[in-house]
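The values are calculated or read from the model by the stated rules, or taken from the named source; none is laboratory data. Only a predicted model underlies this, so the values are computations on that prediction, with no experimental measurement involved. So basically every Cβ, Gly included, is an ideal-geometry build from the backbone, and we count neighbours across all protein chains shown. Keep in mind that these areas ignore ligands, DNA and RNA; they rest on the heavy atoms of the full protein, side chains included. Shrake-Rupley method; radii C 1.70, N 1.55, O 1.52, S 1.80 Å.
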Amino acid sequence: MNIIVKKSYSLKGRVTLQGDKSISHRAALILPLCHGDAVVKNFLFAEDTLNSLKAMVMLGADIKIKDNHVLFKSRGLESFKVPNKAIYLGNSGTSIRLLSGILASLKGYSLLYGDESLCKRPMKRIIEPLSRMGAYISSILRNDKAPLLIKGDSLIGIEYDMNIPSAQVKSSILLASLSANGKTVIREKVKTRDHTERMLKYLGADIKIDGEKIILFGGQKLQAKNIFIPADFSSAAFIIAAAALTDDSQVIIENVLLNPTRTGFLKVFEKMGGNFEVFNVREENDEIVGDIKVWSSNLKGVTVEGDIIPTLIDEIPLIAVLAAFAEGVTVISDAKELRYKESDRIESIYYNLKIMGVEAETKEDGLIIQGKSFKRKESYEFYSFKDHRIAMAFSLVGFVLDNVLVYDCENIRTSFPDFIDVFKKINGNIERR
Ligand code: S3P
């Protein structure tokens, strides 16, 4: 599927979005570890999160979908059995890494694999700590990537210093430590998204956050509870960016997740001169939620670096697109993790900025982008690198420069299946082809 986008203005309206991807994964993977019944509302029905649900069903979890809600009847990890088939996790790094943490203590062998992109992503980052806890995990092709063969065992708690900022790695260890003997202490120098910690606490786990340390005691019984999942901030960011880039626009996005470990994009957008207002802020299931109103904006270049990076890591393709239309230079540093995402995002962004004629440079850990240096052309053809966030970010260029075609956009179904429909509703000139 390709996406065609034409010049648009007056993006107007109120938008509600499906639930946050990270929280949906965690609800799918953690609720079955609890005891009792629970209903999850506003779950994200996208390919990645459905892969997490399907994997748990393969392990024996009782999960049903009814009237757009996900219903769990949970009997804990002890009710699971390793499946007699390999578990396919598609494009989803979160599914494979978090599930590995659960399988690390489940007796028997499980085999995990995914699509071409997932099988290229680094897995040593989870193999190493989970092995230290006592699990046997082997990369079948001996390349530290999936397919992964896991033989669960009795685990012991560990002390672990995170050497890369990764919520997936942290969460994998936390899920393993739930059934480990003793205490696990994770030290995070740079804070990453904390949805796992918040959800575990909400479900009754004895988990403590003490400065950089996360402390969890093994052998706890969790209680299933209903969860309402706020709208995905990373999806909302595309609407924020589009409204800012187009003339005469004003959009309200409702019930958006505003967890500070996720909203670094708003800080950068503010520094760029973006016009927005956050209101109706409240708390739901230990997560912060609010509404965002955004208007057309004149943007300027910024420096994006340091500890803010993990809080906006998924929004960097979008920041690069905003930077191309901003006045002045934007420098993005400390973001080497972008090279290990669904594509090497530093290279994918650079390739597409060059199609726009933008003066840009890559660095090992980021990009330098000269704002407003794009060339006016009849049309632009971008390549998605089969990466959902690259596809969606560069689609937005069409709202400003007209006649954009983005190739190979099937993968938007992994995180934001309604992307095109949501933009059509607010006046966006966007079609699938
Ligand atoms: C995620 C963590 C981040 C992020 C990904 C989702 C999560 O990955 O890029 O889209 O749900 O924990 P890393 O933990 O690899 O940085």
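How much of the calculated P(r) for the stretch 125-183 lies past 14 Å, in percent of all Cα pairs?
On the way: 911 of 1711 pairs.
Every Cα pair in the stretch 125-183 considered, those over 14 Å come to 53 percent.
So between Glu270 and Leu141, what do we pick up on full extension, going 0.36 nm a residue minus the alpha carbon distance? Working shown, then result.
Values: separation 129, 0.36 × 129 = 46.44 nm, distance 4.56 nm.
Between Glu270 and Leu141, full extension yields 41.9 nm more.
Going by accessible surface with a 1.4 Å probe and the largest first, Met162, Met1 read Met1, Met162.
Shape summary: the stretch 21-228 maps onto an equivalent ellipsoid whose semi-axes, from the alpha-carbon gyration tensor, are 22, 21, 16 Å in decreasing order. If you take all other residues with their beta carbon under 14 Å from the beta carbon of Tyr202, and give Lys and Arg +1 and Asp and Glu -1, the sum is -3. Considering only Pro129, Pro230, Pro83, the Gaussian network model of the chain with Cα springs below 10 Å gives its largest mean-square fluctuation to Pro83.
Across Glu270, Glu347, the residue with the most accessible area heads the list, and the full order at a 1.4 Å probe is Glu270, Glu347. Over 20 Å apart at the Cα level, from the set Lys145/Lys341; Lys21/Lys425; Lys66/Lys225, are Lys21/Lys425. Based on Cα contacts under 8 Å between residues 6+ apart, the stretch 142-260 shows a relative contact order of 21 percent. Ligands, DNA and RNA aside, Asp153 has an accessible area near 60 Å² when probed at 1.4 Å.
Among residues other than Ser166 with Cβ under 9 Å from its Cβ, the summed charge is +2 (Lys and Arg +1, Asp and Glu -1). Here the label points at Met1 and Glu410, each 7 Å from Cα along the C-beta direction, are separated by 1.1 nm in the simple model.
In terms of accessible area, using a 1.4 Å probe and ignoring ligands and nucleic acids, Arg262, Arg75, Arg142 rank largest first as Arg142, Arg75, Arg262. Our note on the geometry: Cα centres of the stretch 53-87 and the stretch 92-120, 15 Å apart. When only the Cβ of Lys, Arg, Asp and Glu is charged (+1, +1, -1, -1), the dipole of the stretch 21-228 relative to its Cα centre reaches about 60 debye.
For a Förster distance of 56 Å, can you work out the FRET efficiency between the beta-carbons of Ile209 and Asn403, rounded to the nearest 0.05? Plugging the Cβ-Cβ distance into 1/(1 + (r/R0)^6) gives 0.70. Using alpha carbon centroids, what distance separates the stretch 308-347 and the stretch 23-52, in Å? The two parts, judged by their Cα centres, are 29 Å apart.
Please name which of Ala320, Leu59, Ile420 has its Cα lying farthest along the dipole of the chain towards the positive end, using unit charges on Cβ (Lys, Arg +1; Asp, Glu -1) and the Cα centre as origin. Going by the charge dipole, the pick is Leu59. Phe276 contributes an accessible area of around 50 Å² to the protein surface, as traced by a 1.4 Å probe with all chains present.
Charges were assigned to the Cβ only: +1 to each Lys and Arg, -1 to each Asp and Glu. The resulting dipole of the chain about its Cα centre is roughly 860 debye. Of all the Cα-Cα pairs you can form in the chain, what percent are over 31 Å apart? Cα-Cα pairs of the chain separated by over 31 Å account for 37 percent. Each label was represented as a point 7 Å from its Cα along the Cα-to-Cβ direction; for Asp67 and Ser154 these points are 4.6 nm apart. Its relative contact order, with pairs defined as Cα atoms under 8 Å and 6+ residues apart, puts the stretch 294-347 at 43 percent.
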